[in-house]
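Take a look at the structure below.
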Amino acid sequence: ISRHESEHLRKNPDASLIRLGIGDTTQPIPDTITLAMAEQVRGLSTIQGYRGYGAEQGNMPLRKAIAGKFYQDMGIKANEIFVSDGAQCDISRLQMLLGSNVTVAVQDPSFPAYIDSSVLVGQAGELEEETGKYGNIIYMNCGPENDFFPDLSTIPRTDIIFLCSPNNPTGHAASWQQLKQLVEFAKANGSIIVHDSAYAAYIRDGSPRSIFAIPGAKEVAIEISSFSKFAGFTGVRLGWTVVPEELLYSNGFPVIKDFNRIVCTCFNGASNIAQAGGLACLSTDGYQDLCKVIDYYMENAKILVDGFTSLGWKVYGGKNAPYIWVHFPGMSSWNVFAEILKKTNIVTIPGRGFGPAGEEYIRVSAFGQRQIILEALRRLNSFL
């Protein structure tokens, strides 16, 4: 995508690009949160306020706040929460924990990091050029025909199942019944679910925001989440992973003990400045301010969904996540991407980048200033 963008700008140096591709937040972080980080920074210049290394697992006040805000009544304890520098970093740490000998299933389409990290640790096998799939990975098709959730009756048993809900790129949030089926499937097969809930704050229809809302999930699941899209911390870097004490290997050994060893070996803890900001995010005022920002992005999503729909295209997503998944039947997603870039100076993402099942789709991000979103629709209307 970067190469296409650079080449386009070389040929059109005066082009005014609108970037609706990579899902990077654009709205400023509310003052209630940045002031807490600034106060932490100022404290570092005083004897009383200086802090060096913190706990690798994260500061306990923040771990308790995460447990209270996101896992109330789910039985998740603060010591089961590991604060990190972001969900994507934790995906790789989990892969280090799991090793190269496990079998893996991923949604198709899905966030590329699950497959890319599987390749890095040696789980994936050889790339099959014809299909675009890795030989040792099970691709769980998730499209409109199955409500963007895998038909588990057709999925072979694997050690690990990666699931993102709400899904990036399709925007689908798994229902209570779908997650219940997945938990039962994992129990029956002795599998571990790695559930990515980075976009949970965007859910609007009452779908579960955590896998641990499902009874029995603590015995089969790990959850990764993030302040990046929830709080605009894409550059601040703060996330967390939940590893329940009830999650055991087949020999009865607790997974949490191994993950704690990985964290203490490979990580010196999240920035205490970022953690101060995270704690402010979960205060009453901070959380209310962030909900307003999320509402802003979701209004952008509605505008984009309505705009593409009015142009006659089938659109998915945009209701429980800030992504719009647009279908161009019979067309190459890279060709659609290239044509839109050429004719409108808008950068999107070709669906093929999220897996073979992403062919014929593009993903459009609702992260952006409102006037930019409206200008993008004006250009798309002229082109489409």
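The values are calculated or read from the model by the stated rules, or taken from the named source; none is laboratory data. Nothing here was measured: the structure is a model prediction, and the numbers come from that model. Note: ideal-geometry Cβ built from the backbone for every residue, glycine included; neighbour counts use all protein chains shown. Accessible surface is based on the protein model in full, side chains and every heavy atom, while ligands, DNA and RNA are left aside. Shrake-Rupley method; radii C 1.70, N 1.55, O 1.52, S 1.80 Å.
Touching a Ser or Thr at 6+ places or on another chain (Cβ under 8 Å) and within 27 Å of Thr234 (Cβ to Cβ), is that true of Ser117? Show your work before the answer.
Working: touching a Ser or Thr at 6+ places or on another chain (Cβ under 8 Å): yes; within 27 Å of Thr234 (Cβ to Cβ): yes.
So Ser117 fits the description; yes.
For Ile324, are the conditions met, namely being in contact (Cβ under 8 Å) with a residue 40 or more places away in the chain and part of a strand (DSSP E or B)?
Working: in contact (Cβ under 8 Å) with a residue 40 or more places away in the chain: yes; part of a strand (DSSP E or B): yes.
Against the criterion (in contact (Cβ under 8 Å) with a residue 40 or more places away in the chain and part of a strand (DSSP E or B)), Ile324 qualifies.
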Fill in the blank from the handout: Checked region 121-131 for anything out of contact with any strand residue (DSSP E or B) (no Cβ under 7 Å at 6 or more places or on another chain) and surrounded by 15 or more Cβ atoms within 10 Å (Cβ to Cβ); matches are Val121
Exercise for the section: Considering every residue within region 133-147, establish whether at least one is of a type in the set (A, V, I, L, M, F, W, C) and either part of a loop (DSSP other than H, G, I, E, B) or at pLDDT below 95 (or both). Expected result: yes
Practice task
Just give me the residues in region 176-202 being part of a loop (DSSP other than H, G, I, E, B), closer than 18 Å to Ser225 by Cα and either touching a His at 6+ places or on another chain (Cβ under 8 Å) or not aliphatic (A, V, I, L, M) (or both), in sequence order.
Solution key: Ser197, Tyr199
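Among the residues of region 327-352, which ones are of a type in the set (S, T, N, Q), open to solvent by less than 10 Å² (accessible area, probe 1.4 Å) and in a helix (DSSP H, G or I)? Spell out how you get there, then give the answer.
Step one: of region 327-352, the residues of a type in the set (S, T, N, Q) are 332-333, 335, 344-345, 348.
Still in the list and also open to solvent by less than 10 Å² (accessible area, probe 1.4 Å): 333, 344, 348.
Ser333, Thr344 - these are the residues of region 327-352 that are of a type in the set (S, T, N, Q), open to solvent by less than 10 Å² (accessible area, probe 1.4 Å) and in a helix (DSSP H, G or I).
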Practice task
Could you identify the single residue in Gly318, Gly286 that is crowded, with 20+ Cβ neighbours inside 10 Å and touching a Ser or Thr at 6+ places or on another chain (Cβ under 8 Å)?
Solution key: Gly286
Practice task
Name the helices (runs of 4 or more DSSP H) wholly inside region 1-70 in which the number of residues that are open to solvent by less than 30 Å² (accessible area, probe 1.4 Å) is 2 or more.
Solution key: 31-43, 60-70
Exercise for the section: Name every residue in region 81-91 that is closer than 15 Å to Ala221 by Cα and crowded, with 24+ Cβ neighbours inside 10 Å, in order of residue number. Expected result: Ile81, Phe82, Asp90
